[in-house]
Amino acid sequence: MADTERADSQPRLSRRGFLAASGAALLGAVVAGSAGNASPDPDWGRLGDFWLFGRYADGATEPGFDETDLAPVQLPHCVTPLSWTGWQPSSWQDRWIYRKHFTGTAAERFVARFDGVMTNAEVHLNGGLVATHQGGYLPFEVELPGVVQGDNVLAVVVDGRWALDVPPNLPRSAGPSVIDFYQPAGIYRPAAISAVPRVRLADVFARPVDVLSPGRSLHLTCTLDGPVTGEVTASVRQGGRELARATAPVVGTTVEFDVGGLGAVRLWDVEDPALCDVVVSLRSGPRELDQRVVRTGFREARFTPDGFFLNGRRLKLFGLNRHQWYPFAGGALPDRVQRRDAEILRRELNCTMVRCSHYPQSSAFLDACDELGLLVWEEIPGWGRVGDDVWQEQNLRDVTGMITRDRNHPSIVIWGTRVNEANGTTALYGRTGRLARQLDPSRPTSGALASTTLARYAGDDIEVLAYNDYTARRGAPFQLRPPRPGVPYLVTESIGTLAGARAYRRSDPAAARLQAELHAKAHDLAAADDRYCGLLAWCAFDYPSGWQRSVDGSKYAGVSDIFRIPKPAAAFYASQGDPLVCAVVEPGFAWDFTASPTGPGPGATIWSNCDRLALFLDDRPVGEARSRRADFPHLAHPPFAVDLTVRRGQRPQLRIDGYTAGRLVVTRRFSGDRSRDVLSCTPDDTRLRADGSDATRVVIAATDRFGVVRAGATGEVSLTLTGPGDLIGDRVMDLGATGGAAAVWVRPFAGPTGTLTLTARHEVLGVATATVTATEANGTSAAGGSRS
């Protein structure tokens, strides 16, 4: 469906309706805080509740601009309606205006913060330009020096046009399809405004030192945004208990000191992500001027020629790459949704590491990685090549912005300071590497190399040799390059759509089965040699792209689709977990006799972490599955093979019992009778905050009577939402195109509480509903808000 068709077909909330739903008080939202009082971080008045939005017009930044034709929107926000595929970059290639009214007092100091604006921003206050910013992936703060008593207008001009010489965008003559991901415009991450102290703690870097020593300590680097006479105190707390504290006098605008006595701190690990809060206070005499709470974790991460070691023990890194793009909204979905991706990767796919390709990603996503024990490779924006001198200077600013924002995250273990798969001058990469070590001496630097750049990787910024290994392309037997001797070696991409098939869709069973085999083989090869630090395959989720091997504007390389619904390759990842934590039995085939009247046939694969699988047809035993250990000798849990052929016309029920250590740990059932299939409508969360900045996914699927998705289902599902909220998604979904399942997101309005009910209708499968309760916002994120 074209973007213009969707925009015309979906009802839009009127200004009157929005105000009735959200409360007219939002127009004059009073920003809390006082310059003379402590302002714990974060203590920001969120700007997500009410903005006026439209295409830019002359005079749009002036206080008296006629706002009649502007539409009310909530942040995060994408400038154009999108479907789940077939995005048209021309729909966001323009200038746009966002206007926000807020009430202030002239005696206070105000600062606005934007976590991400795609791609270029001009910020105006009461008609005056106060700041500009280039680049869509890092935050920026804006001093607001002209706040007046009463009504103020903050106007942000967003430029989403390609003709911007900022990474990852390439020369002005090129278009969005020259890189491998689309970048829809908008204020697509959270924004906030606050009254702040006259002098405040602008930045705190809490760096653990000598982590594996009983004398471990924490080195604090505190940056003030102005001179003051006073002292800084840091208290290190874990599990609600103070472990140690220290105080240092303020000399200039940078204060460095150590907090010792931390021998009792619990280490952060992938299996036990123990975090610490560092409460940092700035005082002048008896007055507390400012306070920040930063979160960190004590862990030692070492990349060596003999593999990767976390806290002194070998850990084979097992993971995927992640793009941040979603259907319907681009990157503009709230923190809860960003965090959900980390939960999928760690808890459902058993990843120990994720690569944030190819740009810094949401702080909420990284917060969740900290909490879940998911290690992170983070890299600067860029893809495929290096631009001119102006572009390179922005590249350096991105290194500073990325590391300064994220160096307190214990989950991040490596900085990608080279542009992905891009030859660059030794001088440039020498500068990016040195800058990274200056900002953070505790982590190595690297850059993902392609075959064309592997031979030219020389440079002291490559402390870990990282390679995007597509050796197995063009139908050759699957293989990986051997590790380079004498240097830490990490595979940062493999498979994608360059090995096996052009697209891996759940609606194509043969391709989906092949994808699972390839991912299992890649990880088996990496596990075979301790010199591989690990392998991060391409990739976690399908994403929008107009580049090589895309299909109708999407790249179908994910082990889950763009809706985050798993494919058979995801079953491989799920099967590598502990069966006593979560026993997995997932056939690599569909138990559906429409395409294959006699069943999957001989040698069908079942992904499982059990020791033994017993099979039954209509509860009659038909034998056991056989292990494929010979095919995958190095996997923790190799798959099973089974011969399943039935007589034509039969539609038996398949039952699989999984045993571990001689005990039955899981039973799965699959129906061969499609006449009892139903429609399901399942939300990830049933309670959301009514603050305009919360949302949850709802999966709509055709399932058999045991809840198994019927990938071969067809027909349209119509969706209707009632209650105080918005539906982010197409109102009609084609199950045949999406492989029997799809998803939308439900987002409550700011202000009113109540019940949101999503109703899905299919002419054969019937009706299903999902109910979500929007509760009064309490000032904290129900999914765990961002931290410094």
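The values are calculated or read from the model by the stated rules, or taken from the named source; none is laboratory data. None of these values were measured; they are calculated from a predicted model. Cβ: placed from backbone, ideal geometry, glycine included. Neighbour counts: every protein chain shown.
Annotations
- Considering each residue of the range 27-48 in turn, at least one proves to be surrounded by fewer than 18 Cβ atoms within 10 Å (Cβ to Cβ), touching a helix residue (DSSP H, G or I) at 6+ places or on another chain (Cβ under 8 Å) and either modelled with pLDDT under 50 or in the same structural domain as R336 (by TED's automatic domain parsing) (or both).
- At least 1 residues being at pLDDT 95 or above, hydroxyl-bearing (S, T, Y) and touching a strand residue (DSSP E or B) at 6+ places or on another chain (Cβ under 8 Å) is the threshold, and among the strands (runs of 3 or more DSSP E) wholly inside the range 52-164 those reaching it are 95-104, 128-134.
- Filter pass, A569 being over 23 Å from F640 (Cα atoms), in contact (Cβ under 8 Å) with a residue 12 or more places away in the chain and of a type in the set (A, V, I, L, M, F, W, C): no
- Unmet criterion (only one of (1) more than 25 Å from A511 (Cβ to Cβ); (2) assigned to a loop (DSSP other than H, G, I, E, B)) for T757: (2)
- Filtered residue count, the range 345-370, keeping only those that are surrounded by fewer than 24 Cβ atoms within 10 Å (Cβ to Cβ), farther than 21 Å from G116 by Cβ and in contact (Cβ under 8 Å) with a residue 40 or more places away in the chain: 3
- Number of the condition not met by W547 [criteria: (1) aromatic (F, W, Y); (2) under 15 Å from R506 (Cβ atoms); (3) in a loop (DSSP other than H, G, I, E, B)]: (2)
- You will find that of L170, L218, the residue that is outside the structural domain of R405 (by TED's automatic domain parsing), crowded, with 17+ Cβ neighbours inside 10 Å, in contact (Cβ under 8 Å) with a residue 24 or more places away in the chain and assigned to a loop (DSSP other than H, G, I, E, B) is L170 and no other.
- Some residue of the range 341-348 being more than 30 Å from P579 (Cβ to Cβ), not basic (K, R) and not assigned by TED's automatic domain parsing to the domain that holds A750: no
- Residues (touching a strand residue (DSSP E or B) at 6+ places or on another chain (Cβ under 9 Å) and in a loop (DSSP other than H, G, I, E, B)) located in the range 250-262: V250, G252, T253, G260, G261, L262
- From the list R705, R747, R697, the lone residue that is more than 30 Å from T645 (Cα to Cα) and either in contact with a helix residue (DSSP H, G or I) (Cβ under 9 Å, 6 or more places away or on another chain) or assigned to a helix (DSSP H, G or I) (or both) is R697.
- For the range 52-85, a residue qualifies if it is surrounded by 15 or more Cβ atoms within 10 Å (Cβ to Cβ), among the β-branched types (V, I, T) and out of contact with any helix residue (DSSP H, G or I) (no Cβ under 6 Å at 6 or more places or on another chain), and the qualifying residues are T61, V73, V79, T85.
- Residue match in the range 219-237 (condition: of a type in the set (D, E) and within 22 Å of R287 (Cα to Cα)): yes
- Among (1) in contact with a Pro (Cβ under 7 Å, 6 or more places away or on another chain); (2) buried (at least 20 other Cβ atoms within 10 Å of the Cβ), the one test that G692 misses: (1)
- Among the residues listed as F318, F308, the single one being touching a strand residue (DSSP E or B) at 6+ places or on another chain (Cβ under 8 Å) and closer than 21 Å to V584 by Cβ: F318
- Matching entry among R189, R161 (being basic (K, R) and surrounded by fewer than 24 Cβ atoms within 10 Å (Cβ to Cβ)): R161
- Strands (runs of 3 or more DSSP E) completely within the range 562-648 that count 1 or more residues being among the hydroxyl-bearing types (S, T, Y): 601-608
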